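Heads up, the thing below is written out as structure tokens.
The values are calculated or read from the model by the stated rules, or taken from the named source; none is laboratory data. Note that the structure is predicted; figures quoted are calculated from it, not measured. Reconstructed Cβ throughout: ideal geometry from the backbone, glycine too, with neighbour counts over all protein chains shown. The accessibility values were calculated without ligands, DNA or RNA, using every heavy atom of the protein model including side chains. Shrake-Rupley method; radii C 1.70, N 1.55, O 1.52, S 1.80 Å.
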Amino acid sequence: MKTLKMAGREVPALGQGTWNMGEQAARRQDEVRALQLGLDLGMTLIDTAEMYGEGGAEEVVGEAIAGRRDDAYIVSKVYPHNASFDGVQEACERSLRRLKVDTIDLYLLHWQGHHPLAETFDGFEALKQAGKIKAYGVSNFDLDNLEESLAYGAPATNQVLYNLMKRGIEFDLLPWARQRQLPIMAYSPLETHGPEQAALLGNSGLQAVAGAHGVTPAQIALAWVLHQDGVIAIPKAVDPVHLRANRAAAEIQLSAGDLAALDQAFPPPRRRRALDMR
């Protein structure tokens, strides 16, 4: 699988998301098994957050990686309202307990809130010095936010909403990140359930490319994100069929003609846009 270097570590370009996990007890074991299957398939980067299921998703991750911590690269995120210097320390300790690990590989500010970035980054640095986290970064930061953050530290990544329908970062943020070799983590690379995902997967141009490859529209949409230089995709899947389909998408090679057809179906941005967020 294609890999990228993030904070000095090689990580797979295709990882696993956990949004909406840990919310229903009846689904817990299916979610645990899904993450374990993903690890088996090489999707060893697992993204979670204290917000997801109010810690429930972190507990699912902790159960999934029990006995195989070294197989997983764990990313978690702190709520903005917990992002004071002391709040970051306390939130991280709670996440560590739920994950049942001694350290988090990458710890992100979920989005910018009212606490000064300088204070948040000082908190992250203290956690790193204490061995509680190995690296830190941000999420849902537009280019102005990112440029501001450089005054306080060097984030290891910026996690943002990015897919064929939400291409705004290509105008300014993505080129800026590439120039600085800052990996971008793309959440919701297949959109979420509902009208937007139906609009994405039902697009006739996407379906035509998928038909030519003999794969599903979702696989082409994911392959397109994985094709982008410096981008890590973190789709969430619980169904083993979907997990295996996601993994297979990482092997799809898109031609120049495919990419042109997808650009026609989903035009790239021609001006700066407000950052898309879920």
Filter pass, residue 116 being of a type outside the set (A, V, I, L, M, F, W, C), without any contact (Cβ under 8 Å) to a residue 60 or more places away in the chain and open to solvent by less than 10 Å² (accessible area, probe 1.4 Å): no
Count of region 254-266 residues which are open to solvent by 50 Å² or more (accessible area, probe 1.4 Å) and touching a residue at least 12 places away in the same chain (Cβ under 8 Å): 1
Residue that is surrounded by the most Cβ atoms within 10 Å (Cβ to Cβ), among those in region 221-236 that are of a type in the set (A, V, I, L, M) and either out of contact with any Lys or Arg (no Cβ under 9 Å at 6 or more places or on another chain) or part of a strand (DSSP E or B) (or both): 233
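From the residues in region 114-139 that are touching a strand residue (DSSP E or B) at 6+ places or on another chain (Cβ under 6 Å) and not small (Gly, Ala, Ser), which one is nearest to residue 168 (Cα to Cα)? Give the steps one after another, and end with the answer.
Taking region 114-139 as the starting set, the residues that turn out to be touching a strand residue (DSSP E or B) at 6+ places or on another chain (Cβ under 6 Å) are 120, 124, 127, 133, 135-139.
Now narrow it down to the ones that are not small (Gly, Ala, Ser): 120, 124, 127, 133, 136, 138.
On the way: 120: 27, 124: 29, 127: 33, 133: 31, 136: 24, 138: 18 Å.
Among them, the one singled out is 138.
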Among the candidates 208, 198, 218, residue that is more than 28 Å from residue 97 (Cα to Cα), part of a helix (DSSP H, G or I) and within 19 Å of the chain's Cα centre (by Cα): 218
So residue 211, is it modelled with pLDDT under 95 and open to solvent by 30 Å² or more (accessible area, probe 1.4 Å): no
Tally of residues being more than 17 Å from residue 131 (Cα to Cα) and of a type in the set (Gly, Ala, Ser) across region 73-86: 2
Yes/no for residue 101 being within 25 Å of residue 130 (Cα to Cα) and surrounded by fewer than 23 Cβ atoms within 10 Å (Cβ to Cβ): yes
Listing of strands (runs of 3 or more DSSP E) fully contained in region 1-87 that carry 3 or more residues being open to solvent by 60 Å² or more (accessible area, probe 1.4 Å) and among the aromatic types (Phe, Trp, Tyr): none
